[in-house]
Amino acid sequence: MNHNEWLEQAEIYALGALDEEERARFEAHLAAGCSVCENRLRETGEALSLLPKSLEPLPPPPSVKARLLAQIGSRAAARTARVRQRTQWLPWGIGAGALVAASLLFMVGWNIIATRQEIQSLEGRVAQLRKDLAQREETVRLLFDPEVRLVQLSGLEPSPGAQARLFWNPVSRTGVLFTTGLPSIPSEKAYELWAIAGKEPLPAGVFTVEAGGRALFRLPPLPEGVSFDKFAVTVEPAGGVPKPTGPMVLLGTL
């Protein structure tokens, strides 16, 4: 990928429109220390933050309501015609008007329910997008924080080709881990990150990898008052363990 394409991805990343694989690839490129893409990402973010302030709030267009009512009306009219055809031959005293009214009531009720479900689905999607955007903004803030320290983790047996970069903030006690080259492992297993103080390892979270052994993992806040000097990754049961039990695959010194 040439650098113009990376710059385009920076703008798309700021909009939150990259898919999962593209996002991981771009964040790994950003973590490698590309100042040009960092500047483009910052400029795009500033432009996006100013965009809502430059627009006047507008009410929803009346055409949306009109289209919805027209759709309900056309379906109700078609249903009414079918009901009339079916009730012309009824020998008993059930009024066709009552059946038509019931049919219309059913159709309107069904459309209202379907519309509410669609709105709820869209609200859920918007909430997830906001959450994803907040996480990405948090990652970018962490990468630009002057307190951040870079820890290079090298692959050990049985994965000597694996490597990782950990951006660790000793002040906020948080960090972001980028990995490549880690082999796939069975579903009942997972990779577990350890923060090591002297000879005492503390669990720092469990993660899995995608194609190519790539992973982007945000560490949970680690305990205060502990000075870590190493970080390592081992293979453990999927739920994680309080103390390492599996083989160590990555190790780095702060």
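Values as computed for the structure displayed
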| quantity | calculated |
| --- | --- |
| Net charge contributed by nearby residues that have their C-beta within less than 12 Å of Leu7 (K/R +1, D/E -1) | -4 |
| At 0.692 mPa s and 37 °C, Stokes D of region 149-253 from Kirkwood alpha-carbon radius, µm² per second | 244 µm²/s |
| Pair Gln117, Met248: separation of 7 Å Cα→Cβ label points (nm) | 5.4 nm |
| For Ala204, distant residues with modelled amide H under 5 Å away | Leu193, Trp194, Ala195 |
| Net length gained if the chain between Glu5 and Ala211 were fully extended (0.36 nm per residue, minus Cα distance) | 72.0 nm |
| Whole-Hz ³J(HN,Hα) from phi, Karplus 6.51 cos²θ - 1.76 cosθ + 1.60, for region 166-178, glycine and proline x | 10, 9, 10, 9, x, 7, 7, 6, 10, x, 10, 10, 10 |
| Inter-probe distance in nm under a simple model that places probes 7 Å from Cα toward Cβ, at Lys189 and Glu224 | 3.9 nm |
| Mean separation of Cα contacts under 8 Å, 6 or more apart, over the residue count of region 152-254: relative contact order % | 32 percent |
| Stretchable slack from Ser35 to Glu157, in nm (0.36 nm times residue separation minus alpha-carbon distance) | 40.6 nm |
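Any read-out appearing in this document is the output of simple, stated calculations on the displayed coordinates, not a laboratory observation. Since the structure is predicted, the reported quantities are computational estimates derived from the model, not experimental observations. Don't worry about glycine lacking a Cβ; one is built from the backbone with ideal geometry, like all the others, and counts go over all protein chains shown.
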